[in-house]
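Okay, structure first, notes after.
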Amino acid sequence: MLGIEKTACIVDRCAVYEHLHLSDATVSSKNLQKSIFRLYTAILSFLAQAIQRSKGTRYRRTGLGCAAADFSSDNHIQSVFTTGQISDYFKAVEELERTVGYDADTAETQCIIRLAVS
């Protein structure tokens with residue numbers, strides 16, 4: 001399964017990081033902003049490819065005529081990509097996700113230190 005839910009959870013987590021750590025213009029927050037941007041870019045690129053590849057399979061033939069395909073299912077998106085392509089996508093996203101997590105931890109540490117000093 002592709003894991004649309006995993007992608008949605010990543011986006012939600014990044015939104016929390018943005019809310020917590022991107023209001024201050026620190027070195028750590030700027031690094032976090034860049035890593036979140038790279039992660040969003042990878043996700044959006046994959047979704048754009050999925051949409052582009054599925055354009056030709058928007059409708060499937062049934063005994064009753066044409067019926068709309070279920071775009072919300074992982075099976076449909078999985079059918080437009082090979083297992084290797086999906087695997088490559090998740091490897092790239094997992095690496096970017098680790099970087100975002102590291103940068104978020106660094107931004108949080110910098111925020112804690114700044115609060116302790118003031």
**Message:** I'm trying to understand the selection: among the residues of region 4-23, which are closer than 17 Å to K34 by Cα, open to solvent by 60 Å² or more (accessible area, probe 1.4 Å) and either not in a helix (DSSP H, G or I) or not acidic (D, E) (or both)?
**Reply:** R13, V16, H19, L20, S23
**Complete:** E5 passes all but one of the listed conditions (1) under 16 Å from the mean Cα position of the chain (by Cα); (2) at pLDDT 80 or above; the exception is number (2)
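The values are calculated or read from the model by the stated rules, or taken from the named source; none is laboratory data. As the structure is a prediction and not an experimental result, all values here were calculated from the model. In case anyone asks, the SASA skips ligands and DNA or RNA and just uses the protein heavy atoms, side chains included. Shrake-Rupley method; radii C 1.70, N 1.55, O 1.52, S 1.80 Å.
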